[in-house]
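I have placed the structure first, in the form of structure tokens, so that the comments after it can refer back to it.
The values are calculated or read from the model by the stated rules, or taken from the named source; none is laboratory data. As the structure is a computational prediction, the values presented were derived from the model and not from experiment. All Cβ positions, glycine included, derive from the backbone under ideal geometry; neighbour counts span all protein chains shown. Heads up: the accessible areas ignore ligands, DNA and RNA and are worked out on the full protein's heavy atoms, side chains in. Shrake-Rupley method; radii C 1.70, N 1.55, O 1.52, S 1.80 Å.
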Amino acid sequence: MTILAIDPGDMQSAYCLLDAGTLRPLAFAKADNAQVLVVVQRGGYDRLVLERVASYGMAVGRNVFETCEWVGRFTQAAQAPVDYVYRKDEKLHICHDSRAKDANIRRALIDRFAVHDLKNGKGTKKAPDFFYGFKADCWSAYAVGLTYIETTTGGETCGQIPE
């Protein structure tokens with residue numbers, strides 16, 4: 001089963017296609033929303049999972065509402081069933097702390113999945129590691145997919161990297 005996970009934004013979004021069995025990223029990028037929309041429309045995944053915007057009582061600006069509009073557009077264009085993950089749930093699942101920041105999530109992912117590049121989790125072109133090529137919000141998109149996979153399968157049942 002493949003999961004297309006998206007970390008939406010008002011102008012650009014990051015996506016990551018994950019293999020639900022191995023948790024390996026199969027494809028990922030951060031691109032303009034129109035390009036990500038084409039990826040969603042093209043299909044080739046079994047489920048689309050989007051990070052959903054949540055209100056915590058604070059005033060929000062234009063870009064938050066535009067992000068919400070893109071979540072709706074991605075949902076409408078989906079070629080498979082759609083689910084949502086809230087950022088708070090990602091933080092709790094991956095870091096076990098609702099106050100975790102992006103850097104904490106990235107560190108937890110590296111600690112869990114990196115094999116030899118324990119600093120960045122990426123490795124080099126000659127010796128790529130688990131997150132080779134990841135940048136910017138690709139980490140967040142992967143976290144969306146990972147959280148969805150592990151919380152809908154009843155826990156961390158498939159998180160080990162096969163040798």
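Between residue 35 and residue 118, the distance separating the two model label sites (each 7 Å from Cα on the Cα→Cβ line) works out to 3.5 nm. Ordering 41, 93, 74 by Cα displacement along the dipole of region 1-130 toward the positive end leaves 93 in first place; charges were set at the Cβ atoms of Lys, Arg (+1) and Asp, Glu (-1). Which FRET efficiency value, to the nearest 0.05, do you get for residue 27 and residue 125 by plugging their Cβ-Cβ distance into 1/(1 + (r/R0)^6) with R0 = 22 Å? After rounding to 0.05, the efficiency reads 0.80. Taking a ≥ b ≥ c as the square roots of the eigenvalues of the Cα gyration tensor, an a/c ratio of 1.5 or more together with a/b no larger than b/c marks region 42-136 as oblate.
Assuming charge only on the beta carbon of Lys and Arg (+1) and of Asp and Glu (-1), the dipole of the chain about its Cα centre is about 400 debye to the nearest 20. Among 51, 66, the sequence by solvent-accessible area, most first, with a 1.4 Å probe is 66, 51. Only lysines eight or more places from residue 125 in sequence, or on another chain, were considered; those with a Cα closer than 28 Å are 30, 135. Local charge for residue 5 was computed over the other residues whose Cβ lies under 15 Å away, with Lys and Arg +1 and Asp and Glu -1, and equals -4.
Derived from the Cα gyration tensor, the three semi-axes of the equivalent ellipsoid of the chain are 24, 18, 16 Å, largest first. Stretching the chain fully between residue 66 and residue 96 yields a gain of 7.8 nm (0.36 nm per residue, less the alpha carbon separation).
Protein heavy-atom surface of the chain, 1.4 angstrom probe: 51% of the accessible area is carbon and sulfur, with nucleic acids and ligands not counted. Restricting region 71-157 to GluC sites (Glu not before Pro) that sit in a DSSP loop and have at most 14 other Cβ atoms within 10 Å of their own Cβ leaves 156. When 65, 74 are compared by accessible area at a 1.4 angstrom probe, the order from most to least is 65, 74. Computed with a 1.4 Å probe over protein heavy atoms only, the accessible area of residue 88 comes to about 90 Å².
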